[in-house]
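Data first, discussion second: the structure below is written as C-alpha cells.
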Amino acid sequence: MAPVRELRPEKKAANSGKYQDLKRQIFAALVDAIDVSVISTMDPDDARQEIVGIVTEIIGAKKVQISIVEQDALVKEICDDVLGYGPLEQLLARDDIADIMVNGCDPIFIEVGGKVQETDIRFHSNDQLLNVCQRIVSKVGRRVDEASPICDARLEDGSRVNVIAPPLAIHGPSLTIRKFKKDKLTLDQLVRFGAISPEGATILEIIGRVRCNVIISGGTGSGKTTLLNCLTRYIDPDERIITCEDSAELQLQQRHVVSLETRPPNIEGEGEITMRHLVKNCLRMRPERIIVGEVRGPEVFDLLQAMNTGHDGSMGTIHSNSPRECLKRMESMIAMGGFTLPATTVREIIVGSVDVIIQATRLRDGSRRITHITEVLGMEGDVITTQDLFVYDILGEDAKGKIVGKHRSTGVGRPAFWERARYYNEEKRLAAALDAAEKGGLAA
C-alpha cells in the first residue's frame with residue numbers, strides 16, 4: 001500500500017501559488033479555444049488527446065518556463081478538471097480507499113485500512129469543488145445549490161455520494177464519497193479477511209439460499225451494504241428481485257432484477273418519491289424478493305408487511321449497534337410513521353416477519369467483523385425472544401494494536417429455520433456447519 005504522502009510526487013509544484021496561477025491562466029485560455037460542451041460529448045480518450053494537444057500549444061505560445069514533470073502534471077490536472085472530477089480522479093482510481101472526505105478546499109482526507117489519513121491533494125478553490133459536486137449529482141438527475149444544499153447521489157460504479165453546500169456548510173462544500181471496490185467482495189473473501197469464520201459463512205450462504213427474511217444491522221461504515229451484496233449472490237437466478245434504495249448502490253448478479261430509486265422534491269417542493277412509495281409500489285410488481293438498501297423510517301412497516309405476506313427471502317439494512325437494539329429501532333421507526341398500533345401488535349408483526357438479524361461491526365482498530373448471527377424466535381409476554389447462533393468474542397489485541405478474537409458457535413444444534421433448510425435440501429450442510437463450529441473449527 002503506497003503511503004498517502006506519496007500520492008503525488010509533483011506536490012510541491014502543484015501546491016505553489018505560482019503553479020496555481022499558471023494553471024488558471026492556461027485553463028481560461030483553453031476554455032476560450034474549445035467548445036467544452038462539444039468536448040464533453042466526445043469519446044473520453046479522443047477528448048483527452050484533443051485537450052492535451054491544445055494545452056501543449058498554449059504552454060508553447062505563452063513561452064512558460066516549467067519542467068517536464070510540471071507540464072505533465074499541469075496537462076493531467078486540466079484534463080481531469082474538464083472531463084472528470086478534478087483532484088478526485090487519482091483517488092477514485094485507487095481501489096484501496098474506502099472513503100473520500102472533502103471539507104471545503106482544505107486537504108482531502110481518505111480512509112485506508114479502516115483508518116482516516118490526510119492527503120496532500122486539495123481543490124484550489126471552493127468554486128472548483130462546487131463545480132465538481134454539481135457535475136457528479138447532475139449525472140443522476142439531481143442538483144445542489146443554495147436552494148437545495150443537501151444531496152445524495154452516486155457515481156457510475158455505484159459509489160455513494162453525499163454533498164452539503166453553503167450556506168449549510170460554513171467553510172465551503174463538503175463532499176463525502178463511500179467508494180465501492182471494483183472487484184465485489186464475496187463471503188469467501190470475508191472469511192480470508194477474518195470477518196466471519198468458514199462455518200459462519202456457510203450458515204450465511206444457507207440463510208440466503210433458503211429464503212429467510214434477513215435484516216442486516218450495523219453502524220456507519222460497518223459493511224452492511226457489502227454483506228447484503230454478498231448474501232444476494234446466493235439467490236436463485238430465476239427469482240424476480242426488486243431493490244429499493246435512496247441511491248442505487250446494490251449490484252446484483254442475477255438477470256431478473258428491477259432497481260428502484262427514490263427521488264427528491266423539485267425546486268417547487270413537489271414530485272418527491274420516498275422509500276415508502278417505492279416499497280408499496282413494488283408489491284404490485286410481482287416480486288419474489290424485495291431488497292431495501294437501507295431502512296431509515298416508516299417504510300420499515302411496509303417491508304415487514306411484505307416479509308409477512310409471501311415475499312420470503314426479503315432483506316434490508318438498518319443502522320443499529322446490536323440485534324436487540326435493531327428490534328427496538330424497528331419499533332421506533334414504525335411509531336415515527338404515525339401508526340397507532342399497540343406495542344404488542346408491533347412486536348408480533350416483527351416476530352412474524354423477521355427470521356434472522358446479522359450484526360456487522362466496525363471495531364476500534366478499523367477492522368470489520370460479523371459479530372452476531374441471531375434468530376428471532378417469538379414472544380414471551382411482551383418481550384421478543386431471540387437466540388444467537390454465532391457470536392464474535394474479542395480476546396484482546398496484538399503488539400500492533402489489532403483486535404484479536406474468534407467466532408464461536410453458541411451450541412444451538414437445530415436453528416429455528418431448520419425446517420426451511422430441509423425444504424430446500426440444505427439441512428445436511430447446515431448440520432455439518434454447526435457441528436464443525438461446535439467441535440472447534442473456528443476462525444481467529
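What follows draws every value from the coordinates through simple rules; no lab data is involved. Bear in mind that the values here come from a model prediction, so they are computed numbers and not experimental data. Cβ sites come from the backbone with ideal geometry, for glycine too, and all protein chains shown count toward neighbours.
For the reader, a short list of remarks on this structure follows.
- Helix axis angle, 126-138 relative to the chain longest principal axis, alpha carbon, degrees: 50
- With 28 Å as the limit on Cα-Cα distance, the pairs of LYS224/LYS406; LYS184/LYS439; LYS18/LYS179 that go past it are LYS184/LYS439; LYS18/LYS179.
- Karplus 3J(HN,Hα) series, Hz, for segment 141-146 with 6.51 cos²θ - 1.76 cosθ + 1.60 (x for Gly, Pro): x, 10, 9, 9, 7, 5
- For segment 376-440 versus segment 108-183, the inter-centroid distance based on Cα atoms is 39 Å.
- The long axis of helix 198-209 is offset from the longest Cα principal axis of the chain by roughly 80 degrees.
- Among ASN308, ASN321, ASN425, residue whose mean-square fluctuation peaks in a GNM of the chain (springs only between Cα atoms under 10 Å): ASN425
- Highest-fluctuation residue, THR309, THR176, THR386 considered, GNM on the chain with Cα pairs under 10 Å: THR309
- Computed from backbone phi with θ = phi - 60° and the Karplus coefficients 6.51, -1.76 and 1.60, the 3J(HN,Hα) list for segment 374-388 is 10, 8, 9, 9, x, 10, 10, x, 9, 10, 6, 9, 9, 9, 7 Hz; x is used for glycine and proline.
- Option label - Cα Rg over 2.2 N^0.38 Å computed here, alternatives (i) 1.24; (ii) 1.01; (iii) 1.13: (iii)
- Largest to smallest principal axis extent of the C-alpha atoms in segment 187-438, angstrom: 58, 43, 42
- Taking amide H positions as modeled 1.01 Å from N, with prolines and chain starts lacking one, the residues under 5 Å from LEU389 and 5 or more places away or on another chain are ILE373, THR374, GLU375.
- Note, ³J(HN,Hα) from phi for segment 314-326, Karplus 6.51, -1.76, 1.60, rounded to Hz, x at Gly and Pro: 6, 9, x, 10, 9, 6, 6, 9, 6, x, 5, 5, 4
- The H on the amide N of GLU294, modeled in the peptide plane, is under 5 Å from the matching H of ASP246, THR317, each at least 5 residues off or on a different chain.
- Residue order for LEU250, LEU168, fewest other beta carbons within 10 angstrom first, comes to LEU168, LEU250.
- Straight-distance crosslink candidates among aspartates and glutamates, where the alpha carbon sits under 13 Å from LYS139 and sequence neighbours closer than 8 are dropped: ASP152, GLU156, ASP157
- Choice from GLU205, GLU288, GLU272 showing the highest fluctuation, given a GNM over the chain with Cα pairs closer than 10 Å: GLU272
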